[in-house]
Structures are given as structure tokens and as C-alpha cells.
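Below is one structure; the comments refer to it alone.
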Amino acid sequence: MTDTPLLLAGDFATPTREDWEVEVLKVLNRRRPEGKELTIDQAMKRLRTTTVDNLTIEPLYTETDVTLGHPGVMPFTRGTMVKTSPLVGWDIRQLHEDPDVAFTAREIVADLERGASSVWLRTGSDAIGVDDVATVLADVQPDLAPVSISSVEDQVAAARALVAWWKGADAHHARGNLGLDALAKAARTGEAPDLGAQAEWVAATLAELPMVRALTVDVLPYDDAGASDVDQLAFALATGVAYLRDLEAAGIAPSAAFGQIAFRVSANADQFTTIARLRALRRLWARVGEVSNVPAGARGAVQHAVTSHRMITRDDPWVNLLRGTIATFAAAAGGAEIITCLPFDTAWGLPDERSRRLSRNTQALASEESNIGRVSDPAGGSWYVEELTKALAARAWESFQAIEAAGGMVTALTSGQVAERIAATNAERTGRLATRKQPLTGVSMFPKPDEEPVQARPRPATPARNGLAPRRDSEVFEALRDRAAAADPRPAVFLACLGARRDFGGRETFTGALLGVGGIERPSSEGGTAEEIVAKVTEAGAKFVILCSSAKVYAAQAVEVAKALKAAGVPTVYIAGRKTEAASEEVDSVIDGEVFDGMDVVAFLTEAMDRIGVAK
């Protein structure tokens, strides 16, 4: 015991920004020659990153004048409620879309008995049949579990089926969402949006089902198609405003309409951006409520966060468990009231009992054992998160205003404006994926060559639709793996490693992993004379060779070995690194290309297979 207060880090001087800059320069200039050192401005430029929205992420954030506010009050940036009880977490909502009625009914009960707190049904010709809704919900008690429903094909029929089940079971305790979202349906199908039925359903829900929300503003169609964070926010706002206007025209005031709308948003493995995006949406929707004269306490945006389907990979799918965990954490830290974590094998087919249990337990562990669900806005006050929230909100409000000025969300969707904005984002993201500036673990980085395919029941065929096309970030790399796997024999690129392992080890490892991204085999040789290397390449029957070594060895051997390979009939010779390391005027005549960090991996692997003669 002591009378002196304990000061954590109290014996250390408070570091200044200048102190931090000195340490940054020590690291970045460690191997740079004298006279070539970076200045702090040059160093900061290297450390800054930009998002696909062209938002700048600084390497260091310091204290700023941020009005932090409180959870549960305007502008709701910090959440729609204050968590005053250790029992208050978030609603763990499992998605059910398997048309096998017996399996789905059994899994709904298993979910609710083992950690889930609500049910989400997707109906349609490729999901649960509308006529089967009552059957799959037969053992669910409405007073214990909210139920939400959605459909891409017939939202009214889905809503009608859910209401019929409630009325046949216990309408007094009905809680959930009817899933009416005409604009999301139009985005998926390409059909003209029809808001006609929504006002009637909202009026009936207000009168008969007071704890049910009739409308969803579903942002997932846009995220699935590749929309950026800013555009997802802008589309959500513009859709919500379109619904408010439609309802007001039908005599339903915004003060009543606000409580009938829930937002379904994406959460991905970019945890800080996800946290900031959810916080920004609440701030922006609260502003819409303010100008619509909605009472201050009713302006919070209720958000159902779903782990992004676009980030899920088919190859090395176990990494999806990590992606789902990060996204779930981000959604919870961002204040989502409802969270759905998609199973890790979603890209393979219909999830089974094991994968569904893992997705459910991801949330249960995060909420109950990690205590994330017991903290209000844990990221609040972080200078980085606060600045990112502010930047996303400001840019999204500008985009929202542009959509409104052009006629609103209906016009933006039907005129092709939404598709154009998403296409521009996809073009930028495609470049980042191809150069691995946006890496995908297990796919574009650290591929697993001996991976065993996941066994999953195939999904029912999805009807042809003319709306926004869903895409996953990993698809281009999966296509390369499929192309290689279909070839007989499997395509191979020979790695001619020059000198000793200390010379070629690093570049051999890098190049081998890069070829593994495309499923290309990589036989190799270590050391030896040009004649010995040619003999091994000839024995392997290789048509494509990559030299691997250090600049010192390249200067002595690269051109000689390349000449010998060309003379032996090898059509393509590349170098791991840069041609200039060979220090020869002849290098361009005998070495056809380079392999280096930051290159377009997709273009290289495609060209490699073309040169080897792999069928497309």
C-alpha cells in the first residue's frame, strides 16, 4: 500500500510527434545509402494509404477537437442505446435459405437453442419456398425469437407468409421485419422499382403489429456488386429518403415511418472502415430525421450487419473464419444491433451443420466470452476512428446530395448511375487486387497448393437476373486456379536458382508462392553451370523459366544462362527482380520479363499460362 498514486508510464517522458518522426526515419532509412535518405515528408507519403473512395489514411492520428457525445442520443454516432446491463449484447441472427424443409426446420431450432436470438429467412425459387415458411417455423415461439424475411423475387408474398404464420401462432408478440425493399429488389433483378405496396403494408403493420418493421433498406446488393463504403452510405440514405417521401405521400408521417425502417448493411475484414461506416450511417440518418421533424429520441438507425459475401473466398475457405470473426467484431464495435455471420463455406454451396455452428459460435464467443457486446461504442474517442467516421460521413453526404439533385435513388438506379459508380469502384479495386496492394490471404498471398476441396451440397440454380451482378473479390484468382487444374499435365514454370541458397532463397520463395497463386507447378534447380541448368530444364520439358538469385550473381551469370536456355529452345525466360540487375546491354534480347513485388499478378499468371499453352 502507498499514498502515492500509480501512474502508468509515469516514469517516461511524453513522446512528441517529432520523437515519433525520428523513429520513423530510423526505420525507413536503415538500408538506404548515405545521401539518399528520405525526408520526413517523403516518409509520410510512403506511409499514407488511400481507400477506393480516395480517402487518405494517415499513418498517425493525434488529438483533435472531436465532440464525442454519448451513446443513445443525437446524433447517435455512438449507438442507438446505452448498454447498462451485462446481459445486453446484440441480436445474433442466423440466415436460413436451404430449400430442404426438414433440414432448415431442424437448424432453426438448433440455432435458437444454442446461441442465436433471431431468425432470418430468405425465400424464393433458389431458397426456401414461400409455402414452406410456416413449416420451417413450426417450432419457433414468436415471444422468444424475432423473425425477419427477405426475397429477391416476391417480397409481398414473403411478407404475407410471415404475417400469416404470426397470426396463426402468436401475433401479439410478433417481432421482426417483413423485408419489403422495392429498390433492393430492383437492384438485384434489373426490373423497374415498384414502391406501390409498401405504404399499405406499413400502415397495416403500424396498426396490427406494433413491434414489427415493414421496410428494410438493404445495402447488400450494392456491396455484393462492389460498391465502395461512401457509395453504400449514399445509397442507403437516398433509399431511406425515397421511402420516407413515398410514405408521406400516402399519409404516413416521417415520425411514424422512421420506426418502420431497418438498415441491412455489410461488415467486412477492414475493421476500422466498417466501424466508422456504421457510426457514420447513424449520424447521417439522424440528420435526415432532424430535418424531417422526427422526435430526437426516434432518429437512430437500427442496423442489421451481415458479413460481406464479397470478401468470402472459395480457395482456402478456412481463412473465412478469420474474416468472419474480424467482420463480426467490427460490426459489434460499430454498434450494429443485429449481426449475421455467414458460414465459411458459403462460396462452396449450402452450409452444413458444422459450418452453421461455427458461424453461430463466432458471434456467441465474441459477445459472451470476449464481452464485446457489453461495451457501448468501444472505438469512440479513437482519433483515427473519429476522423474516419467524419470523413466517410462528409463524403457520403455529398454523394447523397448529388443523387438527390439528379432525381433521387429511383432515378439513380434506373438511369444506370448506380451501376456506373460501382463500375468505377470495381475498376480501382481490380487493380489493387491484381497488384496485391489489397491482398487476399490464402488466395493471392500464401496460397495452399495441397488444399482439399470442401464438401458441400450445391445451391439451387439462381434465376437469370439483369440487375447488379454480384462478384467476390477472389473470383479472378480462382479462375486462374481452375484453368491450371483443368490442364493435363498441370502447367509448370521452372525456377533456375543461380548461386548458393543465400543468393536465391528469398526470390525463389517469393516466385514460387506467386506461381502457386495460379496453381502452377514450379520444378527447380539449385546452382550449377549454364549447361547443367539447361540439362535439367530440358529434362523437365519446361517452356518457361524464371531465374532466381541476387543482383551480384545476376551480373555474373544471368545473361549467360539465359542465352544457353534460348539456344536450347526455351521460348520464355524471366528474371526474379529487375533486368537492370543483370548489368548487361544484352539483357533485353534474352530475358523476356520480370517478376517483382507490386507487379500485376493476374496479368503475369495469365500471360504465363498463355505462353505455356494452357487452354483457356
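The values are calculated or read from the model by the stated rules, or taken from the named source; none is laboratory data. Every value quoted in this text rests on a predicted model; they were computed, and no experiment measured them. Heads up, the Cβs are rebuilt from the backbone with ideal geometry, glycines too, and the neighbour counts pull from every protein chain shown.
Couple of notes before you dig in:
- Selection of region 442-467 for residues being part of a loop (DSSP other than H, G, I, E, B) and touching a Lys or Arg at 6+ places or on another chain (Cβ under 7 Å) yields Gly442, Ser444, Arg465, Gly467.
- Exactly one residue out of Val534, Val573 is out of contact with any Phe, Trp or Tyr (no Cβ under 9 Å at 6 or more places or on another chain), among the β-branched types (Val, Ile, Thr), more than 30 Å from Pro317 (Cα to Cα) and surrounded by 19 or more Cβ atoms within 10 Å (Cβ to Cβ), and it is Val534.
- Of Ala479, Ala556, all but one fail to be without any contact (Cβ under 8 Å) to a residue 12 or more places away in the chain, part of a helix (DSSP H, G or I) and more than 34 Å from the chain's Cα centre (by Cα); the exception is Ala556.
- Considering region 387-410, the residues that are surrounded by 14 or more Cβ atoms within 10 Å (Cβ to Cβ) and of a type in the set (S, T, N, Q) include one that is nearest to Ala238 (Cα to Cα), namely Ser399.
- Considering region 33-70, the residues that are hydroxyl-bearing (Ser, Thr, Tyr) and more than 17 Å from Arg17 (Cβ to Cβ) include one that is surrounded by the fewest Cβ atoms within 10 Å (Cβ to Cβ), namely Thr67.
- Helices (runs of 4 or more DSSP H) lying entirely in region 178-226 (those with 1 or more residues that are more than 22 Å from the chain's Cα centre (by Cα), without any contact (Cβ under 8 Å) to a residue 60 or more places away in the chain and in the same structural domain as Leu247 (by TED's automatic domain parsing)): 182-189, 196-208
- Pairs, first within 10 Å of Asp473 (Cβ to Cβ) and surrounded by 15 or more Cβ atoms within 10 Å (Cβ to Cβ) in region 428-455, second at pLDDT 95 or above and of a type in the set (A, V, I, L, M, F, W, C), C-beta under 6 Å, six or more apart: Arg429/Val52; Val443/Phe477; Ser444/Phe477; Ser444/Val517
- For region 210-231, filtering for residues that are surrounded by fewer than 24 Cβ atoms within 10 Å (Cβ to Cβ) and under 17 Å from Asp53 (Cα atoms) leaves 2.
- Qualifying residue in region 275-295 (condition: more than 22 Å from Thr67 (Cα to Cα) and crowded, with 19+ Cβ neighbours inside 10 Å): yes
- Set side by side, the residues Ala427, Ala396, Ala366, Ala406 differ, and just one is among the hydrophobic types (A, V, I, L, M, F, W, C) and under 17 Å from the mean Cα position of the chain (by Cα), which is Ala427.
- Within region 339-351, none of the residues are part of a helix (DSSP H, G or I) and over 20 Å from Asp218 (Cα atoms).
- The residues listed here are Glu21, Glu34; of these, the one that is closer than 27 Å to Thr389 by Cα and of a type outside the set (Phe, Trp, Tyr) is Glu21.
- Within region 579-607, the set of residues being part of a helix (DSSP H, G or I), touching a residue at least 60 places away in the same chain (Cβ under 8 Å) and closer than 16 Å to Ala496 by Cα is empty.
- Qualifying residue in region 360-378 (condition: in contact with a Lys or Arg (Cβ under 8 Å, 6 or more places away or on another chain), farther than 24 Å from Arg175 by Cα, of a type in the set (A, V, I, L, M) and assigned to a strand (DSSP E or B)): no
- Residues within region 306-338 that are over 30 Å from Gly518 (Cβ atoms) and either in a helix (DSSP H, G or I) or more than 12 Å from the chain's Cα centre (by Cα) (or both), tallied: 11
- Set Ala134, Ala127: member being surrounded by fewer than 19 Cβ atoms within 10 Å (Cβ to Cβ) and either farther than 25 Å from Ala364 by Cα or of a type in the set (S, T, N, Q) (or both): Ala134
This table checks each residue for (1) at pLDDT 95 or above; (2) touching a Lys or Arg at 6+ places or on another chain (Cβ under 9 Å).
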{"residue": "Arg160", "(1), (2)": "yes, no"}
{"residue": "Ala171", "(1), (2)": "no, no"}
{"residue": "Asn177", "(1), (2)": "yes, yes"}
{"residue": "Leu180", "(1), (2)": "yes, no"}
{"residue": "Ala184", "(1), (2)": "yes, yes"}
{"residue": "Ala187", "(1), (2)": "yes, no"}
{"residue": "Ala197", "(1), (2)": "no, no"}
{"residue": "Thr205", "(1), (2)": "yes, yes"}
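- Residue pairs meeting the criteria (Cβ under 6 Å; at least 6 apart or on separate chains; first under 21 Å from Glu387 (Cβ atoms), in region 262-275; second assigned to a helix (DSSP H, G or I) and acidic (Asp, Glu)): Thr273/Asp229
- Odd one out for Ala269 among (1) under 30 Å from Thr49 (Cα atoms); (2) part of a helix (DSSP H, G or I); (3) among the small types (Gly, Ala, Ser): (2)
- Cβ-Cβ under 8 Å pairs, at least 6 apart or on other chains, region 360-385 side on the phi > 0 side of the Ramachandran plot, far side of a type in the set (A, V, I, L, M) and at pLDDT 95 or above: Asp377/Ala333
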